[in-house]
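Have a look at the structure below before the remarks.
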Amino acid sequence: MNGQKELILITGCSGRIGKATIDKFQDGHYQIVGLDIVAPQFQASNFEYLKCDLTSDESVDAAMTAIKKKYGVTIASVIHLAAYYNFVGGAWELYEKITIHGTERLLTACKKFQTEPFLFSSTMLVHAAQNPPRKITETSPFTMNWEYPKSKVLTEDVMQKEHGSIPIVILRIAGCYDDECHSIPISNQIQRIYERQFESHVFPGRITHGASFLHLEDLADCIFMCVQKRKTLPPASVFLVGEDVTLSYDQLQRKISKLLFGKEMKTYRIPKIVAKFGAGIQNKLPFMKKTFIKPWMIDIADANYTLDISHIKKMVGWMPKHSIANTLQVMIQDLKKDPKKWYQNNQLEWPEKRSA
């Protein structure tokens with residue numbers, strides 16, 4: 001056992017958020033153990049990877065036994081990032097198996113240790129949208145209008161009921177992005193405008209509404225600061241984490257088009273029934289390119305998420321250093337520099353008729 005360093009467990013360590021979080025703890029004071037079903041494609045000091053499948057009692061028990069044998073029973077923090085998510089919709093059984101029961105299984109295993117905060121990555125989408133200028137707070141009403149937020153609401157409920165003597169920190173996180181984008185909704189919005197698709201000019205919701213975003217570096221900073229402040233936090237803490245300035249869909253459209261083409265584009269609102277019909281036809285006809293837009297996205301197109309982050313500012317001292325408004329310029333510069341590489345990095349299909 002290395003008694004000089006505090007032990008940090010990070011699930012989902014192989015993902016982009018996992019790597020950014022691991023990077024924040026590279027100051028020599030911590031021993032990091034990463035749990036995931038796939039090995040990370042990076043190396044870091046003071047880091048050990050253990051394969052762990054959160055859907056399996058045997059796999060979790062084996063990983064935690066190995067941790068206890070090598071590092072002892074004291075865990076400074078569990079940073080639980082692993083969860084199920086998809087943009088297609090459906091697959092509730094996987095949300096239930098991985099996100100809900102996987103979290104419960106890990107939390108139960110941590111009760112055999114002297115565990116300080118068990119930090120869970122939830123989402124701002126557990127809250128019902130609020131029309132401007134109203135902001136969402138940690139006490140705003142919940143919603144379970146599609147599988148992803150429903151899984152997080154139910155997992156939070158399990159944690160509140162089952163954490164026992166383990167302190168918990170629940171972070172309700174806005175949509176993440178970084179300098180290369182790596183945000184599915186933003187990258188697809190940029191793609192539609194860059195390719196001058198017809199869909200880029202229409203939107204099946206209020207174009208004055210929008211959603212908060214969060215730079216990956218700001219999220220990693222937030223997680224690190226929560227661990228640093230763990231001794232002063234209540235036994236069960238809940239924080240909204242995102243940028244407190246929300247750009248509307250129309251503002252994003254105008255900024256992206258101005259950065260791409262030097263002029264702002266106009267966006268027209270269309271009825272939801274028209275959008276659903278068009279998306280359905282486009283996805284079914286074999287000679288048409290499949291659209292990113294899914295029916296469930298159209299249903300929530302009117303949603304507005306403007307966050308009140310005063311609670312985490314007060315309790316943790318965290319506030320974002322980046323903004324999506326400023327980072328868009330970095331994203332578009334990266335796209336213009338090497339379009340094909342940008343498409344590849346964001347897992348977008350390169351249009352056959354466009355040359356590099």
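The values are calculated or read from the model by the stated rules, or taken from the named source; none is laboratory data. Everything numeric in this text was worked out from a predicted model, so none of it was measured. Glycine also receives a Cβ, built like all others from the backbone with ideal geometry; neighbour counts cover every protein chain displayed. Heads up: the accessible areas ignore ligands, DNA and RNA and are worked out on the full protein's heavy atoms, side chains in. Shrake-Rupley method; radii C 1.70, N 1.55, O 1.52, S 1.80 Å.
Points to keep in mind about this one:
- Any hit, the range 129-144, residues being open to solvent by less than 10 Å² (accessible area, probe 1.4 Å), farther than 24 Å from residue 325 by Cα and in contact with a strand residue (DSSP E or B) (Cβ under 6 Å, 6 or more places away or on another chain): no
- Residue tally, condition modelled with pLDDT under 95 and not in a loop (DSSP other than H, G, I, E, B), over the range 1-30: 0
- In the range 214-254, residue farthest from residue 190 (Cα to Cα) [restricted to those that are open to solvent by 20 Å² or more (accessible area, probe 1.4 Å) and under 14 Å from the mean Cα position of the chain (by Cα)]: 217
- Filtering 76, 63, 83 for residues that are open to solvent by 10 Å² or more (accessible area, probe 1.4 Å) and of a type in the set (A, V, I, L, M) leaves a single hit, 83.
- Apart from one condition, residue 239 fits all of (1) of a type outside the set (Gly, Ala, Ser); (2) assigned to a helix (DSSP H, G or I); (3) at pLDDT 95 or above; the exception is (2).
- Within the range 306-356, tally of residues that are assigned to a helix (DSSP H, G or I), under 15 Å from residue 214 (Cβ atoms) and of a type outside the set (Val, Ile, Thr): 5
- Taking the conditions (1) out of contact with any Pro (no Cβ under 7 Å at 6 or more places or on another chain); (2) among the hydrophobic types (A, V, I, L, M, F, W, C); (3) farther than 22 Å from residue 244 by Cβ in turn, residue 142 satisfies each one other than (3).
- Looking across the range 134-173, the residues that are in a loop (DSSP other than H, G, I, E, B), of a type outside the set (A, V, I, L, M) and over 20 Å from residue 318 (Cβ atoms) come down to 134, 141, 143, 145, 146, 163, 164, 165.
- Residue match in the range 98-106 (condition: out of contact with any Asp or Glu (no Cβ under 7 Å at 6 or more places or on another chain) and touching a residue at least 60 places away in the same chain (Cβ under 8 Å)): yes
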